[in-house]
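Every read-out reported here was derived from the displayed coordinates using simple, explicitly stated rules and does not represent laboratory data. Keep in mind the model is a prediction, meaning the values are calculated, not measured. Cβ placement follows ideal geometry from the backbone for every residue including glycine, while neighbour counts extend to all protein chains displayed.
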Amino acid sequence: MSVATKETIETLYNRYLNNDISKEELEEFLHILDMPKGELTISSLMDGTWREMFETPQPAVIPMYKRTWIRVAAAAVIFITLSVGGYFIFNNPASKQIAETKKKQQVHKDDVAPGGNKAILTLANGTQIVLDSAANGALSQQGNAKIIKLDNGQLAYDPLHDSSTLLRTGEVLYNTISTPKGGQYQIVLADGSKVWLNAASSLRFPASFSGKERKVELTGEGYFEVAPLTTKGRQEKIPFIVSVASPLGDGRGMQVEVLGTHFNINAYSDEGAVKTTLLEGAVKIKNERQANSGSSSVLLAPGEQADFTRDRNFKINSHANLEEVVAWKNGNFEFKNAPVIDIMRQVSRWYDVEVDYRGPQPAHRLTGKISRNVNLSSLIDMLQYAGVNMKIENKKIIIWED
């Protein structure tokens, strides 16, 4: 076989990534990968792929890779492990690595489908509505708000008055929307604020807002786009407050107060800290003691993240990875130098599976990105390429070290 030119290598590389490569071209591509010049050229092309994936804006949804070994190999090109340095696919001769992985790759007889729009709405009187099976249209009425399931699957509270001002007085009726493991949901509150709930999360909120503040309670993870709201007559701004439980589970939590902004709160009890990340606007954060005493608060600017730790202190990260933080809301998994155990917590919640570590937990730290719309086997295949020993068995991910 003649020596391939740089142009030929680039053409084969692009066809390989796009899964538009013939059997003969694939054989030529694997042959080139075994040659030093070919490996060097493709390594340079992969540098470009890396920059394109992680240094420029990405679409909300990544095309789904089919579960064939060719597509998994293509996906592996954009999945790297920083613990060993460089692109994992080049740690060994590529054709041998692909052939070996193909040989030992298991048939995923216990494959698991990704999560989807699943939630239960609990009304003030205790009535529960399973939203994923409820028909579109009006579901109920709570006080001065009509509850509607929209055609796109979202839940909306349609106020029976002008939502730009607070007119309602009297009893406040609280509703709760809860997502299970393997579920997510989006809701539009009566004031026009939008909330995205991740898996295993809940939001307790008033069906109609009244008084001098808008207060909701969050468990799990939620992304908020808060609408501005004013009082009638004096046009005073009404703050929006998110109350979050303590990571210790002792009832001494924290509050996030905003006037109109976009932010994400990760408050899962197994994460060890409550992470509030600001994308747009401004927020101030207080622990429960500060909120009750009126003492000073932590102010966040866009791009900053506050970790409310187990010792009830705040740790500020001034350069949060916003794409990684909101990847779940945009339909992706995205990690940067993340321990396997951190990745598996997200995977467990989204696919509703257990994780069983047989022996020491893996020391790998991984960076990568993949759609949350793929079956669990596709994600497992990519992690296997990164050197993690794992398999699916009866709704359980088993992980072991050699």
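Rounded to the nearest 0.05, the FRET efficiency derived from the C-beta distance between ASP402 and GLU25 at R0 = 45 Å is 0.85.
Taking amide H as placed 1.01 Å from N in the peptide plane, ILE397 has its amide H under 5 Å from the amide H of GLU354, VAL355, ASP356, each at least 5 places away in sequence or on another chain.
For region 191-202, backbone phi angles converted through the Karplus equation (6.51, -1.76, 1.60; θ = phi - 60°) give residue-by-residue couplings of 8, x, 5, 10, 10, 9, 9, 7, 4, 6, 9, 8 Hz, Gly and Pro being listed as x.
Taking 0.36 nm per residue of separation and subtracting the current Cα-Cα distance, fully stretching the chain between SER140 and LYS395 would add 88.2 nm. The modelled label-to-label distance for the pair ASN14/ARG204, using points 7 Å beyond Cα in the direction of Cβ, is 5.7 nm.
Less than 5 angstrom separates the built amide H of GLY253 from those of SER246, GLU288, all sequence-distant by 5 or more or on a different chain. Annotation: the residues TYR157, TYR351, sorted from fewest to most other C-beta atoms within 10 Å of their own C-beta, follow the order TYR351, TYR157. By the beta-carbon count within 10 Å of each Cβ, the least crowded to most crowded order of VAL195, VAL274, fewest first, is VAL195, VAL274. The calculated FRET efficiency for ARG310 paired with LYS181, based on their beta-carbon distance and R0 = 25 Å, is about 0.55.
Among the lysines of region 116-324, pairs at least eight places apart or on separate chains and with Cα atoms under 13 Å apart come to 7. Proximity of backbone amide H atoms, modeled 1.01 Å from N, is registered between THR261 and VAL226 at under 5 Å, excluding neighbours fewer than 5 places apart on the same chain.
Segment GLU171..THR230, full-extension length gain: 19.3 nm, with 0.36 nm per residue of separation and the alpha-carbon distance subtracted. Report, for region 116-324, the % of DSSP beta bridges that are antiparallel, rounded to 5. Roughly 85 percent of the beta bridges in region 116-324 run antiparallel, per DSSP.
Summing Cβ point charges (Lys, Arg +1; Asp, Glu -1) relative to the Cα centre of region 168-214 gives a dipole of roughly 80 debye. Each peptide among 323-335, 379-391 gets the average number of other Cβ atoms lying within 10 Å of its residues, and from highest to lowest they stand as 379-391, 323-335. Taking the fewest neighbouring Cβ atoms within 10 Å as the starting point, the ordered list for ASP110, ASP356 is ASP356, ASP110. Karplus-based coupling profile of region 218-227, in residue order and whole Hz: 10, 10, x, 9, x, 10, 10, 10, 8, 8, with θ = phi - 60° in 6.51 cos²θ - 1.76 cosθ + 1.60 and x standing for Gly or Pro. Under the simplified labelling scheme, the GLU323-ASN125 pair shows an inter-label distance of 5.0 nm, with each label point 7 Å from Cα along Cα→Cβ.
The Cβ shell under 11 Å around SER297 holds other residues with a net charge of +1, Lys and Arg each +1, Asp and Glu each -1.
3J(HN,Hα) along region 257-267: 10, 9, 10, x, 6, 10, 7, 10, 10, 10, 10 Hz, from the Karplus curve 6.51 cos²θ - 1.76 cosθ + 1.60 with θ = phi - 60°, whole Hz, x for Gly and Pro.
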